[in-house]
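Below is one structure, written out as structure tokens; comments come after it.
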Amino acid sequence: MIGEFIDGPLWYFSLTAFVIGVVWRIVSIVRAGVRPDLSIARGSAGRGAMRAIFSRFVPERTVTTSSRLQLIAGYMFHVGLLILLFFAQPHIDFIAERITGLSWPAVPHWVFIVAAEFSFAGLILLWLHRVLNPVTRLLSDMDDHIGSILVFLVMLTGCLALAQSHEALRLIHLFLAEVFLIYFPFSKLMHAFTFVMSRGYTGATMGRKGVNA
Amino acid sequence: MSMPATDKTASQRLSVFGLCLLAVCLLLFSPLVDAEEKSARELPGVKVFNPAAELWRDVRQREAPVSGKTQVGGVETGVLINATGDRWRQFRMDELIPVGGYVIGAIIVLLLIFYMVRGRVPIEGGASDRKLPRYTTYERMVHWFIASVFLFLAITGLILLFGRPMLIPLFGKEGFSIIASACKEGHNLMGPLFLLALVMVFFQFVRRNIYQKGDLTWLLRGGGIIGKKHVPSNFFNMGEKTMFWLLVFVGSLIGISGLVLVFPVLGLGREFMALAHVGHAIGALLMIAVIIGHIYIGTVGMEGAIEGMKTGYCDLNWAKEHHDLWATKAIDQGEAMSNEAVASLNGEKTSTAPPGATIQGAGK
Amino acid sequence: MSEQFEQGVAVLRDQIDARISSYLSSCVHCGICAEACLFYTETNDPRYTPIHKVEPLKKLWQVENTFWGKLGKSLGLIKPLTESDFADWEQLVYDSCTLCGRCSMVCPVGNDITYMIRKIREGFSVAGYAPDGMKEATKRALTIGSPMGVTFKTVQAALAHVEKDTGLKIPIDQQNAEYMTLFSSMEIVNFPEYIESIAKIFDAAGVSWTISSQAFEATNSGIQIGNKEAAAELVGRVVKAAESLGVKYVVSPECGHAYTAIRWEGPNLIGRPYDFEVVHILELLDKLKAEGRIKLEGKDDTPMTLHDPCQIVRRGGVVDPPRNLLHSVADHFTEMTDHGVMNWCCGGGGGVSANERAEELRIKSFDRKKHQLEELGVNTMVTACANCRIILEEGLEHHEMDTEVISLTELLAEHLVSGKTPN
Amino acid sequence: MARMKFYCDPERCIECNACVTACKNENEVPWGVNRRRVVTIKDGEPGERSLSVACMHCSDAPCATVCPVDCFYTTQDGVVLHDKDICIGCGYCFYACPFGAPQFPEDGAFATRGKMDKCTFCAGGPEADHSADEHRKYGSNRLAEGKLPLCAEMCSTKALLAGDANVISDVYRKRIINRGAAVLARGVSYRDASFRAPRSTGGKSSSQE
């Protein structure tokens, strides 16, 4: 009964909320507008933007020493999460069945497990860093904690349901995923989309000036 | 041919005995034991040997399990009798579960009694207005990393161990199956993280945990419990060092035996797997007991003990009382900081005072 | 006061464009920018984390642009931006940020934090929350024509000295000259050698140049304090002078903030493109050298290093010219560990040098440069910004280090093959 | 009630593996699972014997004792069955079982063994008899149809016996007595022909019934 609700209407509701919310957020950012830059450009803004979008995946040398742990944990978490999210067999099946009808090859089970290990280690370390490091503790607000904990719970319940044998466990996972989807557009989790815009804007400005940002 | 045919009577007696054994082995506790014995008695003197019983008996009574060939692939498929299985079952059901339960219960009761007798150990000099930096952010991260992973593993592990006697009555079999399945998957998944955390802990803290001269005194005086006087100690005291080494060695044992258990794919035999389980269980229960004590001291048992792990700084008086050798050295090196400086470094300052005002005491 | 505060908030609200919305949406509070900021690394005070300095802007954005903010505000759970926020953050926004832009280089989501601090200053200055030193400097710039109170008379005196020393005639208000040269007051007052060098080099290269009596000052206090009107007024003077003289190029002096102000922000402040182009003196020198119009002789064999002024290199894009030029006159030029667009600021940019209140913090943050120099073991530091030069010299003096700070333009003038001048 | 047991007569087993195949086919077990296997001792040596082994349906089953989720139960026929909906695939039954009966469909890393599978004495599982679920999880339920496990029914030499313990022990006892009589008649000890290497009788072994 409640299971059917989670598996049916709530899923479609959360997906709709997610899509509309994300689009709305992005549109409202773009609509705020950027004043045209009247100075004479030294380099290309477009190339600068593209460059920044990709080059920021590789951290500056100075960061690799000062924030090494955060970088490693950050990469572990994000890459792991990406694999878990898009290359796990149950997820691909679910996406194919419920959304796109398309499926693609999944990673082998052991890759999934390794990705999960990395992802968990990364997320736990990042969150601990958030609460223990004076800088991040000062910066963090409820949103950051809710976001981290939601992701953690979605991942955890997903892994607890790994045996794929108990409907209840799958529903708990699905329910949390739905909460996550609904929460997503209202929160910092939006950085998953807006980071491209931020890097683009900065890269464009810097690109005009002829600086590789 | 284990029976020498020279001694007729012995051979006869043995043949009867063989028949009896046949009956027992053939059909475990089946009601035809009587009938079989009767039929054997009806034909006295005839050497009626049951080849199957002989075979099974040999398999059972020989020291090493007899293995043969089989077309079926897999681990130990050629082995007819898994001789260690029963010993393992006894260990798990008659020793591990009851004794483990008592041990954990006893630790909790003992701590309760201790708390009632001794109470919370206060900072005798009261909280001072200065602090010493005790743990870096990384050290605290590592600690809480292993702590959270350990807690998760301990809880899921205990549920799997004691769930059948304790939780099935509460949740029913179906309900508990859901819990147990989740616990098993979670336990297996988080297990390797414990090993990762253990490696991090080891390298971060090993230097300060090497036993030193004063440690024996600490042990002899029971860590200050005997005589209620603080015993001098360095950055870590004898008890903490011992816990560290327990964690390192027992933790490795738990971790590695756990890996054995989660990799049935490696084709290890049941005997080895059972042994791994025994080591895993005993080690884990031991560590859980130790950690309960550790948590007790950190939370209710001692004033100011958890501060260092929480904020990175500990009270100067606390340091002097519990880790005086380290505290003296640290104070000599000018590491002591005012509470305000610490609050500022921890970003707790909210006043509008100029930001530059507190930077003097900022240490690296 | 309260009305002024409201105005400040309104201005602050105006600053929120797509870039800032995107930045604030993207920031995950990872704190990596802290490690890029010398005010944090040298004090370990988490409040100096760059993104923390824009907290009031974030608060305003949250309350007015996000779902939770609006909800929290209507439920009374989140307090809107208050005057005490401005009071609390004034020092963080002005004293502990040199707008050096290093944090913007390391942000994993690509936020230009410096841009946000530059913008938050707009609101703060309107609300009246700005350091007195900077307020006064801006006032002087608007009324007298220079933040340091230098008048054209002073300039003339300095030029007379230069003319005497070099025997060269310095063209003033010459119509249709190719280049109109600007100076920073710092150079006029503290480093007249710079003017001398320029005169020599331009003479040797045969450059047609002039100085405007109407606009000689290149620095722009309006930008540092974050006052758009003041900044536009100051840029407008330069534009007016340049256009009335009909020059093709305006030469920005070594001074870093002056360069960003006139080169990158100027057209946007006055709302139209210039009729002329702005070049930095180093760009021009590099061009002249490449064209063979200036010839350099001899190489210094003292080990040298280069301090990159943030606004010229990281925020200005003049990365290679100083290196090309320095290589042509120095045999032993070694880079510091963090150089080029990742250099460490001197600690006095963005108006911090004009802010007496920040002096203690500024001296403390000089430890970073000190460490860099000690690590490299070089005792001669070349730079191309009068402000950097003053701040560096102050820091070195404070630590009693015997490191020499020299201007790149002056160094080049020393190595100039003097064709016409007898000197 | 009846008490169902298997019994395999090594004197008759010819290691044809038909029981293994029959079981796989009848129960459509997953790849990698073998509920029944034939083990040959002393393959190619004097005293070679084969035994077909599966779950013995113990009266006091060790697997049921150690199961952390208590998923085993014994039917009225004395068949030891388990509930796959409750099983968590921990593998403890496999450690405890003397006969190696519990099987796991996968043996991947991180103990992703899947649910345990073992011989059901062709008696299905806890689901309704002959339901689709039952067949999918446990294979066929011949016992409910009044039939015995297919492995035993298929056995061409009737080495593998299945059924009520009283009945099969009778059958077996008769065989032994007959063999005993044959021994008396021929004067050859059957013991000498057992799989153990003859010690005193030298090479005069391996006679047949």
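Numbers at a glance
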{"quantity": "Residue match in region B:163-175 (condition: touching a Leu at 6+ places or on another chain (Cβ under 7 Å), among the basic types (Lys, Arg), within 14 Å of chain A (Cβ to nearest Cβ) and free of Cβ contacts under 8 Å to residues at least 60 places away in the same chain)", "calculated": "no"}
{"quantity": "Subset of region A:26-39 that is surrounded by 14 or more Cβ atoms within 10 Å (Cβ to Cβ) and within 7 Å of chain C (Cβ to nearest Cβ) - its residue that is nearest to the chain's Cα centre (by Cα)", "calculated": "A:ILE29"}
{"quantity": "So B:GLY85, is it closer than 30 Å to D:ASP60 by Cβ, buried (at least 18 other Cβ atoms within 10 Å of the Cβ), away from every other protein chain (no Cβ under 13 Å) and touching a residue at least 12 places away in the same chain (Cβ under 8 Å)", "calculated": "no"}
{"quantity": "Any hit, region C:17-29, residues being of a type in the set (A, V, I, L, M), within 28 Å of the chain's Cα centre (by Cα), assigned to a helix (DSSP H, G or I) and surrounded by fewer than 24 Cβ atoms within 10 Å (Cβ to Cβ)", "calculated": "yes"}
{"quantity": "Considering residues of region D:89-110 that are in contact with a His (Cβ under 9 Å, 6 or more places away or on another chain) and modelled with pLDDT under 90 only, the residue farthest from the other protein chains (Cβ to nearest Cβ)", "calculated": "D:GLU106"}
{"quantity": "So C:THR82, is it in contact with an Asp or Glu (Cβ under 9 Å, 6 or more places away or on another chain) and within 14 Å of chain B (Cβ to nearest Cβ)", "calculated": "no"}
{"quantity": "Lone qualifier among B:ILE179, B:ILE159 - being within 11 Å of another protein chain (Cβ to nearest Cβ), surrounded by fewer than 23 Cβ atoms within 10 Å (Cβ to Cβ), β-branched (Val, Ile, Thr) and in contact (Cβ under 8 Å) with a residue 12 or more places away in the chain", "calculated": "B:ILE159"}
{"quantity": "Pair list, Cβ under 9 Å, 6 or more apart: region B:310-322 residue assigned by TED's automatic domain parsing to the domain that holds B:TYR135, other residue in a helix (DSSP H, G or I) and among the aromatic types (Phe, Trp, Tyr)", "calculated": "B:ALA319/B:TRP326"}
{"quantity": "Scan of region C:39-61 for residues that are more than 7 Å from every other protein chain (Cβ to nearest Cβ) and either without any contact (Cβ under 8 Å) to a residue 24 or more places away in the chain or not in a helix (DSSP H, G or I) (or both), ordered by number", "calculated": "C:TYR40, C:GLU42, C:VAL54"}
{"quantity": "Condition check for B:VAL121: in the same structural domain as B:VAL300 (by TED's automatic domain parsing), more than 24 Å from the chain's Cα centre (by Cα) and either more than 18 Å from B:TRP318 (Cβ to Cβ) or surrounded by 17 or more Cβ atoms within 10 Å (Cβ to Cβ) (or both)", "calculated": "yes"}
{"quantity": "Pairs where the first residue, in region C:284-312, is touching a residue at least 24 places away in the same chain (Cβ under 8 Å) and farther than 15 Å from C:LYS200 by Cα and the second is charged (D, E, K, R) and in a loop (DSSP other than H, G, I, E, B), C-beta under 6 Å, 6+ apart", "calculated": "C:LYS299/C:ASP331; C:ASP301/C:ASP331"}
{"quantity": "Filter pass, B:GLY157 being assigned by TED's automatic domain parsing to the domain that holds B:ASP315, assigned to a loop (DSSP other than H, G, I, E, B), out of contact with any strand residue (DSSP E or B) (no Cβ under 7 Å at 6 or more places or on another chain) and of a type outside the set (Val, Ile, Thr)", "calculated": "no"}
{"quantity": "Criterion: in contact with a Gly (Cβ under 9 Å, 6 or more places away or on another chain) and either aliphatic (A, V, I, L, M) or closer than 24 Å to C:ASN343 by Cβ (or both) - qualifying residue of C:VAL189, C:VAL235", "calculated": "C:VAL235"}
{"quantity": "Unmet criterion (only one of (1) surrounded by fewer than 23 Cβ atoms within 10 Å (Cβ to Cβ); (2) assigned by TED's automatic domain parsing to the domain that holds C:ILE195; (3) part of a loop (DSSP other than H, G, I, E, B)) for C:ASP165", "calculated": "(3)"}
{"quantity": "Filter result for the condition that a residue is touching a helix residue (DSSP H, G or I) at 6+ places or on another chain (Cβ under 8 Å) and assigned to a loop (DSSP other than H, G, I, E, B), over D:ALA152, D:ALA101", "calculated": "D:ALA101"}
{"quantity": "Complete set of residues in region B:298-312 that are in a helix (DSSP H, G or I) and either of a type outside the set (Val, Ile, Thr) or closer than 30 Å to B:PHE91 by Cβ (or both)", "calculated": "B:GLY298, B:GLY301, B:GLU307, B:GLY308, B:MET309, B:LYS310"}
{"quantity": "Residue ID - surrounded by the fewest Cβ atoms within 10 Å (Cβ to Cβ), chosen from residues in region A:82-129 that are more than 10 Å from chain B (Cβ to nearest Cβ) and within 30 Å of C:LYS53 (Cα to Cα)", "calculated": "A:GLY122"}
{"quantity": "Any hit, region A:96-103, residues being over 30 Å from A:GLN164 (Cα atoms) and without any contact (Cβ under 8 Å) to a residue 60 or more places away in the chain", "calculated": "no"}
{"quantity": "Condition check for A:ARG137: in a helix (DSSP H, G or I), in contact with a Leu (Cβ under 9 Å, 6 or more places away or on another chain), at pLDDT 90 or above and within 17 Å of C:CYS27 (Cα to Cα)", "calculated": "no"}
{"quantity": "Which listed residue is more than 17 Å from the chain's Cα centre (by Cα) and either within 14 Å of chain A (Cβ to nearest Cβ) or surrounded by 15 or more Cβ atoms within 10 Å (Cβ to Cβ) (or both), from C:VAL329, C:VAL318", "calculated": "C:VAL329"}
{"quantity": "Residues of region B:263-297 classified as in a helix (DSSP H, G or I), within 14 Å of chain D (Cβ to nearest Cβ) and over 14 Å from B:LEU153 (Cα atoms), total", "calculated": "13"}
{"quantity": "Selection within region D:35-51 - assigned to a loop (DSSP other than H, G, I, E, B), buried (at least 21 other Cβ atoms within 10 Å of the Cβ) and at the interface with another protein chain (Cβ under 9 Å from one of its Cβ atoms)", "calculated": "D:ARG36"}
{"quantity": "Lone unmet requirement of (1) over 29 Å from A:PHE193 (Cβ atoms); (2) out of contact with any helix residue (DSSP H, G or I) (no Cβ under 7 Å at 6 or more places or on another chain); (3) assigned to a helix (DSSP H, G or I) for C:GLY72", "calculated": "(1)"}
{"quantity": "Qualifying residue in region C:81-99 (condition: within 17 Å of C:LYS58 (Cβ to Cβ), without any contact (Cβ under 8 Å) to a residue 24 or more places away in the chain and either in contact with a helix residue (DSSP H, G or I) (Cβ under 7 Å, 6 or more places away or on another chain) or not acidic (Asp, Glu) (or both))", "calculated": "yes"}
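Table: residues versus (1) under 19 Å from C:ARG389 (Cα atoms); (2) buried (at least 24 other Cβ atoms within 10 Å of the Cβ); (3) among the aromatic types (Phe, Trp, Tyr).
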{"site": "C:GLY271", "(1), (2), (3)": "no, no, no"}
{"site": "C:PHE276", "(1), (2), (3)": "no, no, yes"}
{"site": "C:ILE281", "(1), (2), (3)": "yes, yes, no"}
{"site": "C:LEU285", "(1), (2), (3)": "no, yes, no"}
{"site": "C:ASP300", "(1), (2), (3)": "no, no, no"}
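The values are calculated or read from the model by the stated rules, or taken from the named source; none is laboratory data. As the structure is a computational prediction, the values presented were derived from the model and not from experiment. Cβ coordinates were reconstructed from backbone atoms using ideal geometry, including for glycine residues, and neighbour counts include every protein chain displayed.
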